[in-house]
1. Only one of (1) within 30 Å of Ile120 (Cα to Cα); (2) in a loop (DSSP other than H, G, I, E, B); (3) acidic (Asp, Glu) fails for Asp107. Which number is that?
2. Only one of Thr147, Thr151 is polar (S, T, N, Q), over 21 Å from Leu112 (Cβ atoms) and buried (at least 21 other Cβ atoms within 10 Å of the Cβ); which?
3. Which members of region 154-175 meet the condition of being surrounded by 17 or more Cβ atoms within 10 Å (Cβ to Cβ) and part of a helix (DSSP H, G or I)?
4. Kindly establish whether Val54 is in contact (Cβ under 8 Å) with a residue 12 or more places away in the chain, among the β-branched types (Val, Ile, Thr), surrounded by 15 or more Cβ atoms within 10 Å (Cβ to Cβ) and in a strand (DSSP E or B).
5. Just one of (1) surrounded by 14 or more Cβ atoms within 10 Å (Cβ to Cβ); (2) in contact (Cβ under 8 Å) with a residue 60 or more places away in the chain; (3) among the β-branched types (Val, Ile, Thr); (4) touching a Ser or Thr at 6+ places or on another chain (Cβ under 9 Å) trips up Ile139, so point out which.
6. Between Thr7, Thr18, which is β-branched (Val, Ile, Thr), part of a helix (DSSP H, G or I) and crowded, with 17+ Cβ neighbours inside 10 Å?
7. I need a count of the residues in region 82-104 that are farther than 16 Å from Gly134 by Cα, touching a strand residue (DSSP E or B) at 6+ places or on another chain (Cβ under 7 Å) and either at pLDDT below 95 or not in a loop (DSSP other than H, G, I, E, B) (or both).
8. Could you tell me whether region 58-72 includes any residue that is closer than 16 Å to Leu98 by Cβ and outside any helix (DSSP H, G or I)?
Amino acid sequence: MAQYEVTFAGFGGQGIMTAGQLLAYAGISEGKQVAWIPSYGPEMRGGTAYCTVVISDKRIGSPIVTSPQCICVFNRPSFDKFGPMVKPGGLFLVNSSLIDVTSDRTDFTQVLIPANDMAIAAGNVKVANVIVLGALIGISKVVDIKTITKTLKEKLSKKKEVLELNFKMFKEGYKLGREKIGQKDSV
C-alpha cells in the first residue's frame, strides 16, 4: 500500500468522526503517515458530517482528497453527494439500512452493509459505525486486524459493556466484509 484514502459520511451523531479517528489511530499505531480531516455541516447533530482519512507508507503531500479509494456512506444525502467521487476501481460501502438505492456505476466495488439493522438487533444503534469500519477493514486490509482491535480497546474502553458490544459488532462487520468479497477467514 502506498497510500489509501477513505471518506466516512453521514448525519452528525452517527459516529462518522469516531470511525475516522479509530482508523487514523490504527494507522498511527502501525507507524504510518496519517491525516484525518473532519468537516461538519452547520448543524452539529443531524446535519451533514464527514471526514477523510489518508494512510500512507510515505509522507502525505496533501490531506485534501477529491476522489478517495473508499467512501463509506451512512445516509442518503451522503450517498448522493459522495457516490460520484469514488475513485474508479475503488470501494463504496453503503449503509443499506438507511439507503434504499444503489449506484449505477460499474467501475468500483459497491458493498451493501445493513449497519443500522445489525446495530439495532444488537441493542444499540450507536455501533453502526464500527460495523461499517469492520467491513472496510475486512475488505481493504488497510490496517491489520490486531492493530484496530488494540485501538478499539484503547479508545472505547470507558464502559466494559459498551466495549464488548463494539468488539462484537466490529467483528460482525469484518466478517460480513470478508464474505462480501468471497473470503471466509474471520477475526
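1. Every condition holds for Asp107 apart from (1).
2. Criteria check complete, one pass: Thr151.
3. Leu165, Asn166, Phe167, Met169, Phe170, Lys171, Glu172, Gly173, Tyr174, Lys175
4. Judged against the criteria, Val54 is a match.
5. For Ile139, the exception is condition (2).
6. Result of the check over Thr7, Thr18: Thr18.
7. Result for region 82-104: 3.
8. yes
The values are calculated or read from the model by the stated rules, or taken from the named source; none is laboratory data. Bear in mind the structure is a predicted one, so any value in this text is a computation, not a measurement. Backbone-built Cβ (ideal geometry, glycine too); neighbour counts: all protein chains shown.
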